[in-house]
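Written below as structure tokens is the structure these notes are about.
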Amino acid sequence: AEHCPGGACEDGACTVQTCAPYRDPAAVACGRCAEGAYQSGQECLPCEGGVDALPIVFVTLAVVFALAAVTYAINRDMIKQTRWAVGMMVSLTCLFSATQTTSVYLSLNMAWTEPLGSLMKAMSLMTFDLSLVKTECIMSSNPVSQQLFRQLIPPIFLAYILIVMVVKRRLAPKTEFGPEFTNTAGTILMTFFVSICISAFDPLVCYNHPGHVYSSMRKEPSVLCFDSSEHSAMLAIGISAFILTPLPFLSVAIFAVWKYPRYIARHDIAFMKAFRFLFFRYEPSAYFFGVAFLLRNLMICLVPVVIRDDIAAQILAIATIIVVSVVAQCLLQPWRNFLANILDGAMTGCILLVLVSGAVGGGYVASEATTQAISMVMVGAFLSMWVTLLAGNVYKQLTRRDVYDMFICHDKVGAAAQARLIKFLVAEHTGQRVALDSDELHHLDTVLDTIKAKVRHLAVYLTRSTLTRPWCAGEIVTAFKTGKRITAVLTPSFVAPIEEQLEAAGAYLDVGGADLLVQFGIAMSDIRNSFLQLVEAKGCSHVQVDADPTSTQHFSGLITLLLHKGAKAAPPPHTPSPAPGCLAISADPCDPEAAAAACILINKAKASGLTFLNDGVCLLSDHMDLGVDGHRLAITSARALVVMLSTKTLMSRDQLEIIAYAKGLNEKGHGPVTIPANIFGFSFPTAHYYGQVLPRIWPEVSEAEVQQIGSFFRTISYPYSTHASDQVLQVQATAIFGRIPLGATSAILSKTNAVTSSTSASSSSDAGAMTTSGISVKSGADDTSSERLQSI
């Protein structure tokens with residue numbers, strides 16, 4: 001009875017050479033119902049009283065309306081779809097995928113106990129098995145006809161979608177026919193990919209007869225595999241169906257994933273609309289997961305084809321594929337919706353449990369050969385992974401190519417730009433590898449491990465709040481504990497903690513800092529001892545900065561002190577006068593963060609190789625000896641003016657005067673293009689500022705200058721995120737450079753002459769002083785300054 005499921009059996013006793021009622025006696029193993037009967041579970045029943053048309057009509061109408069609704073829903077504007085809608089769509093995808101994967105179990109050499117048996121039978125609808133609606137009573141029960149009908153279902157669906165799209169195009173002429181049809185057809189094929197594949201593979205899923213002389217199709221036991229004309233016809237239909245539908249679809253999906261980065265770079269929205277079924281549900285970083293999902297499902301469908309009667313090997317193969325996919329899903333978190341990632345993992349785990357339950361309930365015993373083979377594979381896989389991991393760690397430790405020569409510990413809020421500039425200058429002067437935690441290190445445990453294993457020299461840039469930052473405290477403690485070379489750079493804003501603060505180190509740190517560090521084994525006593533060593537220069541060296549660095553010369557001197565222990569800062573080198581046509585940069589001369597941001601931008605400009613910057617880049621705070629008039633003349637002859645907006649900009653009279661002067665020139669059609677760029681901490685002024693604060697900072701300000709300042713701050717400002725990574729800064733610097741005009745220097749000078757001539761005339765009217773906008777500057781006070789002004 002086990003190998004002849006259509007035999008006549010009662011209470012476990014089977015009658016030899018006798019078929020059960022309504023079975024076809026001419027069919028092999030009595031495996032087919034006779035004409036006029038239909039399959040119901042394990043028995044055949046007569047088609048008495050005709051066919052109940054209600055289920056068939058209901059299924060047909062449900063499919064018709066569902067496909068039409070899907071065609072509309074999945075082609076809605078992507079911008080209008082909420083995260084809730086995306087989450088619902090992803091949840092349905094996970095449900096269909098789990099259901100279809102479970103339907104593959106019907107092709108395995110397993111007998112399912114209740115209630116799993118009834119559940120598996122219901123799942124057969126997913127593989128286009130319509131026996132539940134008595135199709136044998138409507139059409140021929142010939143297995144070839146049944147196989148042909150099942151393979152025609154996907155093309156019928158696609159043809160109906162085409163008709164729906166034509167109707168939609170007639171009703172809504174703006175419908176994008178090509179992309180929407182591709183998206184709809186792709187969604188249907190991706191949703192039913194497992195069902196289409198397993199239905200096409202049915203002729204290849206066979207089981208052996210006793211004696212292993214013949215084998216029958218598992219779905220149609222009356223059809224002998226590779227030994228009957230019926231099987232040959234079914235095999236031809238199945239292979240043709242696979243070649244015409246799933247295989248081209250998978251190939252197109254792989255091609256789309258391969259071309260995805262190129263089309264995204266070209267901003268091809270038509271491509272995204274056509275293949276949104278493949279990409280829209282996944283995170284951009286996991287755009288390839290759709291193809292991985294299809295390949296996983298294809299491998300599961302091939303298991304009963306490749307492995308026939310060995311149920312233990314079948315279960316192991318499917319379980320391995322599912323486990324690998326779960327691990328990949330947990331690592332990538334590919335779905336756009338967070339809950340969908342949890343749902344996908346949970347449902348995949350459930351279908352694995354269904355497989356295990358079926359195996360346990362069936363009481364299957366693996367053969368000795370299978371057990372040995374599985375044991376060898378498992379032991380080999382375990383040893384291979386262990387040896388690979390060990391060898392990788394040893395190789396990584398021996399090569400140590402990712403070692404950093406210097407790691408800069410700093411307060412990200414108050415010294416981000418200064419630390420990044422130091423990193424750039426150290427690398428430029430020495431070629432060393434320098435690290436900042438804001439570049440690639442996003443977790444404290446990763447930062448601490450980097451300092452332990454990959455850092456030779458820790459430079460602690462001490463500003464007002466550096467030692468209150470938990471990350472900085474952890475970095476300093478780790479460096480002292482592991483014997484690293486440590487250099488503390490003491491800036492004027494740094495105030496060493498007193499004894500009482502060190503005794504209560506937990507309260508000295510930012511809120512929550514002590515709790516965070518304890519998790520990594522760092523005690524408050526460790527913090528106290530390390531801070532004392534750092535402040536008292538025990539086990540480390542000090543670099544004392546007497547004044548806040550606010551120019552390129554100051555930062556160059558700081559780098560000299562940092563790199564050469566015991567060296568003295570060289571006197572500031574002579575800075576060439578600003579050349580006509582240069583790029584001028586204004587930063588608050590009292591704000592080291594603003595000056596550092598400006599210096600970073602200068603270095604980016606020099607490294608960019610832009611030809612129109614051959615006239616140089618000038619930081620105005622490098623030329624404080626020129627005075628206000630010198631700065632104004634430099635601005636007048638500049639190609640462009642970048643105003644670096646920082647925390648103290650609105651309180652800096654120097655910058656406010658420069659802004660008003662530049663906007664005044666712009667209003668007259670002269671002067672440089674003025675480009676605002678804001679760094680972290682800057683806030684735009686309010687009406688209160690113009691009415692109450694500005695007059696206190698600049699008492700002589702005129703109404704026209706107030707209007708010019710207001711006009712400047714209404715200009716769109718470019719962000720310059722000094723606390724972000726080098727890649728982000730490069731992109732933002734490129735956007736700023738894109739605003740600089742490309743004209744020749746001679747054209748700029750022709751505009752400058754018109755402005756400077758009027759300025760010279762007004763200045764010569766007073767031999768004793770030059771007065772500009774209410775600000776008096778003594779003439780001839782500095783011969784060097786006069787010569788530099790004359791050169792401009």
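Structural remarks
- Pairs, first modelled with pLDDT of 90 or more in region 691-703, second part of a loop (DSSP other than H, G, I, E, B), C-beta under 7 Å, six or more apart: LEU694/VAL701; PRO695/VAL701; GLU700/GLY774
- Only one entry of PRO203, PRO143, PRO179, PRO210 meets the criterion of being at pLDDT below 85 and either in contact with a helix residue (DSSP H, G or I) (Cβ under 7 Å, 6 or more places away or on another chain) or aromatic (Phe, Trp, Tyr) (or both), and that entry is PRO143.
- Taken over region 358-394, residues that are under 30 Å from VAL477 (Cα atoms), open to solvent by 80 Å² or more (accessible area, probe 1.4 Å), modelled with pLDDT of 75 or more and not hydrophobic (A, V, I, L, M, F, W, C) amount to 0.
- Top-ranked residue in region 143-156 [being crowded, with 16+ Cβ neighbours inside 10 Å, under 25 Å from PHE181 (Cα atoms) and in contact (Cβ under 8 Å) with a residue 60 or more places away in the chain; ranked as farthest from the chain's Cα centre (by Cα)]: GLN151
- Of everything listed in (1) within 27 Å of the chain's Cα centre (by Cα); (2) modelled with pLDDT of 90 or more, the single unmet condition for ARG485 is (1).
- Helices (runs of 4 or more DSSP H) contained entirely in region 591-699, each with at least 2 residues that are surrounded by 21 or more Cβ atoms within 10 Å (Cβ to Cβ): 592-608, 627-636, 653-667
- All positions within region 166-197 that are of a type in the set (A, V, I, L, M, F, W, C), over 34 Å from the mean Cα position of the chain (by Cα) and assigned to a helix (DSSP H, G or I): VAL166, VAL167, LEU171
- Evaluation of SER131 against (1) modelled with pLDDT of 65 or more; (2) farther than 27 Å from THR184 by Cβ (one fails), failing number: (1)
- Residue match in region 87-98 (condition: open to solvent by 40 Å² or more (accessible area, probe 1.4 Å) and at pLDDT below 75): no
- Any hit, region 313-331, residues being open to solvent by less than 30 Å² (accessible area, probe 1.4 Å) and part of a loop (DSSP other than H, G, I, E, B): no
- When region 476-495 is filtered for residues that are assigned to a loop (DSSP other than H, G, I, E, B) and under 13 Å from GLN544 (Cα atoms), the ones remaining, listed by number, are THR491, PRO492, SER493, PHE494, VAL495.
- Meets criteria (within 23 Å of ILE311 (Cβ to Cβ) and more than 45 Å from the chain's Cα centre (by Cα)) for PRO203: no
The values are calculated or read from the model by the stated rules, or taken from the named source; none is laboratory data. Only a predicted model underlies this, so the values are computations on that prediction, with no experimental measurement involved. Cβ: placed from backbone, ideal geometry, glycine included. Neighbour counts: every protein chain shown. Only protein heavy atoms, including side chains, enter the accessible area calculation; ligands, DNA and RNA are left aside. Shrake-Rupley method; radii C 1.70, N 1.55, O 1.52, S 1.80 Å.
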